[in-house]
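Readers should treat all values here as calculations from the given coordinates under stated rules, not as data from a laboratory. The shown structure was predicted, so the numbers you read here are calculated from the model rather than taken from an experiment. Neighbour counts are summed over all protein chains in view; Cβ atoms, including those assigned to glycine, are modelled from backbone coordinates with ideal geometry.
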Amino acid sequence: MNVTERVIKEQFPFWQGALDADMPAIDAECVVVVGCGTSYYLAQTIASAFNVNGRNALAVPGGEWARRPSSYVADREGVVVVALSRSGESTETVQAVDASRAAGLRTIAVTCEKDSSIAREADETVYLPTHPQEGVVMTSSASLMLIAGLRLAGVALDSAITKVAAGPLSVLDDVDASVIAGRRHFVYLGAGALYGIASEGALKLQEMSISYAQTFHPMEYRHGPISLIDEGSLVVLLYSEDTLEEEAKLAREIQDKGGKVIGLGGPGDISIPLVGKQLARIPEILPALQIFGERIAQSKKIDTTTPRHLTKVVVLS
Ligand SMILES: O=P(O)(O)OC[C@H]1O[C@](O)(CO)[C@@H](O)[C@@H]1O
């Protein structure tokens, strides 16, 4: 087992810190959640959770918020900015915090590095100690920032989730070789708050296994992209409870065309039950997608401890 896999499997004791961390209260009219890469995809899910819970929110890539906020909100008055960054040093996220402060906006940093630029510069910081051996590929820290962000958005999570999430992980840890054999076209589908998680699953697979992966909302998939499905396709479908039946129908269409389906929270060639309800079950999904990236990388004999072209922190010179 390499260190990437070990960190994925050893992340759960660190989750308790994110479950226990004090959360600043947010009563703003609008929340903008910023980040880069993984942190941006988490921001999408967290912003969706804010909206579901009655507070307007949107996710914006850090570089965009720093450069052209008016493309995203007509009026920044009353906006609170939540900045996610494992390192606290990704240039565009630091720029987003700086630009927000300069505009007089309240800023909240969510980070795994206490002594980092965004922790120093933001008005408030939620600090999340993570697995000390985490490498370039962000796994444990991503789960922690997701948990903290969902809690900021008002999602009730309890300690049981640290045990429950081991279930989906163990299914994909022992993924049936016949389901992944020969698969080279990967698609991640998720609706609403699950779209960000689906995007993060696709990014993880790309980074870890150098595979091309796409993300769509499930009902969008029929409108063109389904033409790519064949015997080389594998679709990871993150089911929404309220649209399970129509998504199960889509899964059958994909299977009829030769694709395999891994269903989290619903049917597929591999079907993985989720225990929690609605927003509260989202953290159960992330470690499973992380280990899936590792398994596909191993099937391609790729070492995820040194992902191609990647560094732990992307700093613009
Ligand atoms: O959360 P941070 O430290 O700002 O880092 C985000 C970085 O993490 C990654 O998702 C993977 O390491 C990159 O895409 C991105 O540069």
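Quick notes on this one:
- The stretch 24-41 - residue that is surrounded by fewer than 16 Cβ atoms within 10 Å (Cβ to Cβ) and either in contact (Cβ under 8 Å) with a residue 60 or more places away in the chain or within 19 Å of Ser70 (Cβ to Cβ) (or both) and, of those, nearest to the ligand (Cβ to nearest atom): Pro24
- Close pairs (8 angstrom Cβ cut-off, 6 or more residues apart or separate chains): on the phi < 0 side of the Ramachandran plot in the stretch 85-104, near the ligand (Cβ under 10 Å from one of its atoms) and of a type in the set (Lys, Arg) anywhere: Ser87/Lys312
- Any hit, the stretch 63-85, residues being among the polar types (S, T, N, Q) and within 14 Å of the ligand (Cβ to nearest atom): yes
- Residues of the stretch 246-292 satisfying the condition of being more than 15 Å from Val179 (Cα to Cα), in contact (Cβ under 8 Å) with a residue 40 or more places away in the chain and in a loop (DSSP other than H, G, I, E, B): Pro273, Leu274, Val275, Gly276
- Among (1) assigned to a helix (DSSP H, G or I); (2) touching a residue at least 60 places away in the same chain (Cβ under 8 Å); (3) farther than 23 Å from Gln278 by Cα; (4) of a type in the set (S, T, N, Q) - the single one Gln44 does not satisfy: (3)
- Residues that are within 12 Å of the ligand (Cβ to nearest atom) and without any contact (Cβ under 8 Å) to a residue 24 or more places away in the chain within the stretch 293-317 comprise just one, His309.
- Sole residue being surrounded by 13 or more Cβ atoms within 10 Å (Cβ to Cβ) and over 21 Å from Val7 (Cβ atoms), chosen from Ser209, Ser299, Ser271: Ser271
- Counted residues, the stretch 170-217 - those being of a type outside the set (S, T, N, Q) and in a loop (DSSP other than H, G, I, E, B): 13
- Annotation note: Cβ proximity below 6 Å between a residue of the stretch 149-162 that is free of Cβ contacts under 8 Å to residues at least 60 places away in the same chain and at negative phi and a residue that is crowded, with 24+ Cβ neighbours inside 10 Å and assigned to a loop (DSSP other than H, G, I, E, B) (sequence gap 6+ or interchain) occurs for no pair.
- Checking each residue in the stretch 266-314 for being touching a helix residue (DSSP H, G or I) at 6+ places or on another chain (Cβ under 7 Å) and of a type in the set (Asp, Glu) picks out Asp269, Glu284, Glu294.
- Residue that is nearest to Leu58 (Cα to Cα) [pool: residues in the stretch 80-90 that are out of contact with any Lys or Arg (no Cβ under 8 Å at 6 or more places or on another chain) and among the hydrophobic types (A, V, I, L, M, F, W, C)]: Val82
- In the stretch 104-124, residue farthest from the ligand (Cβ to nearest atom) [restricted to those that are closer than 14 Å to Gly17 by Cβ and part of a strand (DSSP E or B)]: Val110
- In the stretch 45-62, the residue that is nearest to Leu310 (Cα to Cα) out of those that are buried (at least 23 other Cβ atoms within 10 Å of the Cβ) and within 15 Å of the ligand (Cβ to nearest atom) is Gly62.
- Applying the set (1) surrounded by fewer than 23 Cβ atoms within 10 Å (Cβ to Cβ); (2) within 14 Å of the ligand (Cβ to nearest atom) to Ser90 leaves exactly one unmet item: (1).
- Residue among Lys249, Lys277 that alone is basic (Lys, Arg) and in contact with an Asp or Glu (Cβ under 8 Å, 6 or more places away or on another chain): Lys277
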